[in-house]
Amino acid sequence: MKPAPFDYFAPTSLEEALEKLTDLGYSGKVLAGGQSLIPAMNFRMARPAALVDLNKVTELSYIKPTQDGGLAIGTMTRDSAIEDSEVVKRLFPIIAEVMPNIAHKQIRNRGTFGGAVAHADPAAQIPALSLLLDAKMKIQSKKGDRWVDAQDFFMGPFMTVLEPEDLLTEVLLPGLVPGTGTSYKQISRQRGGYAQAAAISKVVMDGIKVKDVRVVLFSVAETPVLTKEPVRVLVGQVPTTEAIEAVAEYVAQNECDPGTDIHGTAEYRRNLVRVLVRRSLTEAVERARK
Amino acid sequence: MADKMKVKITVNGTLYEREVEPRLLLSDFIRHDLGLTGTHVGCEHGLCGACTVLMNGEAVRSCILFTVMADGADIKTVESLGTMEKMHPIQEAFQEKHALQCGFCTPGFLMTTVEYLGKNPNPTAEEAREAIDGNFCRCTGYENIVEAVQLAAKKMAAHEQ
């Protein structure tokens, strides 16, 4: 239960961190909050030759409102800072709703927003949130900067488009349309435990009809899933109980690929998806109507 | 073998300057290098919460932090709370409510409660339960611990008056 030896670097500026990542190439690994990486290293499931610790790069920790009513979140911003942020609550109530479900306070005090995105755990809340909110990922390296949409960022379980010399430095969340309703539903075996299945919905209404809708699932496939059926079926329609139920049923049967493990069977998880999509969509519609 | 790194860490008000391997866990630094064995190590992968300490006032799991990450930090362990003669109000509350049996998990619960009550001085039972959701107790169960957290809040409020 002790990590294997590694070389350790603690740059104090972004410039220095990028330099070090380029030098190290495939032997280097970024250490953000460490709340997933260090347990994996304690088990020796992960044995990076060198760590580049970002905890002294204070310029990467910020929550900045943008002109379009969105937020720019620095990659090293602690989960607890986001959870406690008034501006996050005001602009993105869904983030405030989701945060307390992420592990426990002791973990959120160290875990970081960007670290969770880059770690790309298929059972994690923050990658799914970034997909729901159409986040733009700012990726920097010595070679230059680029932006990648959340939809193109996640490649597989714990796999993203990030190259060894790349650093995810900021997650940019575009502002929500006024009147957007959002809702989060998850089932886990205990508070703070991994969700067995979860659904997050975002709905914009135009009178009694749906103008825009997004439903993201996680913990039920190799990456978070941006579902297609809700957009195809509900946009321009009145979101009746029957319509929502039909969408939830379709999504559960066709748009996820849950596995079986000690905590539940694939069939059980599919059923959870059906129930959670129905609940979160229904609540998001109600909130959008207010 | 990776080179040793110099760290300066304040623990319970004393500044320690040490050379450590980068892979040394903060929990092991506290227990083995400093001899402060009040901090317990249970699961050693961030699940059980027994190793909870305060880092710059925030509750953290010391078994999933490298000591080098705490360079420059202010750490508080359970030894900072009270003495045998004069216990901390949270310790008194745990004793009075029988909120421990074997006591292995207790240092973690105490340190979690210190941070929590600092920010939420008057929790309901439900809130107290949420506050300790990151700590496992494998013998007494949680009812008495929840009561102890609430009693501690009352004691601390009375203390301040």
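The values are calculated or read from the model by the stated rules, or taken from the named source; none is laboratory data. Just so you know, these numbers come straight off a predicted model, no measurement behind them. All Cβ positions, glycine included, derive from the backbone under ideal geometry; neighbour counts span all protein chains shown. These area figures cover heavy atoms from the full protein model, side chains too; ligands, DNA and RNA do not enter into them. Shrake-Rupley method; radii C 1.70, N 1.55, O 1.52, S 1.80 Å.
The table below gives the values:
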item: Residue, surrounded by the fewest Cβ atoms within 10 Å (Cβ to Cβ), within the range B:98-120, restricted to residues that are more than 14 Å from chain A (Cβ to nearest Cβ) and part of a loop (DSSP other than H, G, I, E, B); result: B:CYS102
item: Sole exception among (1) in contact (Cβ under 8 Å) with a residue 40 or more places away in the chain; (2) open to solvent by 30 Å² or more (accessible area, probe 1.4 Å) for A:SER141, by number; result: (2)
item: Number of the condition not met by B:ARG31 [criteria: (1) in a helix (DSSP H, G or I); (2) buried (at least 20 other Cβ atoms within 10 Å of the Cβ)]; result: (2)
item: Restricting the range A:174-188 to residues that are touching a strand residue (DSSP E or B) at 6+ places or on another chain (Cβ under 7 Å) and surrounded by fewer than 20 Cβ atoms within 10 Å (Cβ to Cβ), the residue that is modelled with the lowest pLDDT; result: A:GLY179
item: Hits in the range B:42-85 (condition: under 11 Å from the mean Cα position of the chain (by Cα) and in a loop (DSSP other than H, G, I, E, B)); result: B:GLY49, B:ALA50, B:CYS51, B:GLY57, B:THR77, B:LEU81
item: Test result for B:VAL78, open to solvent by 10 Å² or more (accessible area, probe 1.4 Å) and within 13 Å of another protein chain (Cβ to nearest Cβ); result: no
item: Within the range A:11-35, tally of residues that are closer than 16 Å to B:LEU25 by Cα and either out of contact with any Leu (no Cβ under 7 Å at 6 or more places or on another chain) or assigned to a strand (DSSP E or B) (or both); result: 3
item: Of all residues making up the range A:84-110, the number that are open to solvent by 30 Å² or more (accessible area, probe 1.4 Å), closer than 19 Å to A:SER130 by Cβ, free of Cβ contacts under 8 Å to residues at least 40 places away in the same chain and within 14 Å of chain B (Cβ to nearest Cβ); result: 1
item: Every residue from the range A:3-24 that is open to solvent by 20 Å² or more (accessible area, probe 1.4 Å) and more than 8 Å from chain B (Cβ to nearest Cβ); result: A:PHE9, A:THR12, A:SER13, A:LEU14, A:GLU15, A:GLU16, A:GLU19, A:LYS20, A:THR22, A:ASP23, A:LEU24
item: Sole exception among (1) farther than 16 Å from B:LEU65 by Cα; (2) touching a helix residue (DSSP H, G or I) at 6+ places or on another chain (Cβ under 9 Å); (3) free of Cβ contacts under 8 Å to residues at least 24 places away in the same chain for B:GLY38, by number; result: (3)
item: Unmet requirement for A:GLY207, which otherwise passes all of (1) surrounded by fewer than 17 Cβ atoms within 10 Å (Cβ to Cβ); (2) in contact (Cβ under 8 Å) with a residue 60 or more places away in the chain; (3) on the phi > 0 side of the Ramachandran plot; result: (2)
item: Total residues in the range B:50-74, condition within 7 Å of chain A (Cβ to nearest Cβ) and more than 13 Å from B:ARG23 (Cα to Cα); result: 5
item: The range A:192-204 - residue that is in contact (Cβ under 8 Å) with a residue 24 or more places away in the chain and surrounded by fewer than 21 Cβ atoms within 10 Å (Cβ to Cβ) and, of those, farthest from the other protein chains (Cβ to nearest Cβ); result: A:VAL204
item: Residues that are at pLDDT 95 or above, part of a loop (DSSP other than H, G, I, E, B) and in contact with a Phe, Trp or Tyr (Cβ under 9 Å, 6 or more places away or on another chain), drawn from the range B:124-161; result: B:ILE132, B:ASN135, B:CYS137
item: Residue check for A:TYR8: over 16 Å from the mean Cα position of the chain (by Cα) and under 26 Å from B:THR112 (Cα atoms); result: no
item: Boolean, A:LYS89 is more than 26 Å from A:ALA17 (Cα to Cα) and of a type in the set (Lys, Arg); result: yes
item: Qualifying residues in the range A:189-222 (those that are hydroxyl-bearing (Ser, Thr, Tyr) and modelled with pLDDT of 95 or more) - the one nearest to A:VAL247 (Cα to Cα); result: A:SER201
item: Identity of the residue in the range A:111-124, among the aliphatic types (A, V, I, L, M) and within 19 Å of A:VAL57 (Cα to Cα), that ends up least open to solvent (accessible area, probe 1.4 Å); result: A:VAL117
item: B:ARG23 vs. criteria within 14 Å of chain A (Cβ to nearest Cβ), within 13 Å of B:GLY108 (Cβ to Cβ) and of a type in the set (Lys, Arg); result: no
item: Any hit, the range A:50-58, residues being away from chain B (no Cβ under 11 Å), over 21 Å from A:GLU163 (Cα atoms), open to solvent by 10 Å² or more (accessible area, probe 1.4 Å) and without any contact (Cβ under 8 Å) to a residue 60 or more places away in the chain; result: yes
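Okay, residues lined up against (1) among the charged types (D, E, K, R); (2) without any contact (Cβ under 8 Å) to a residue 60 or more places away in the chain:
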position: B:THR14; (1), (2): no, yes
position: B:ILE75; (1), (2): no, no
position: B:GLU79; (1), (2): yes, no
position: B:THR83; (1), (2): no, yes
position: B:GLN91; (1), (2): no, yes
position: B:GLU96; (1), (2): yes, yes
position: B:GLY103; (1), (2): no, yes
position: B:LEU110; (1), (2): no, yes
position: B:THR113; (1), (2): no, yes
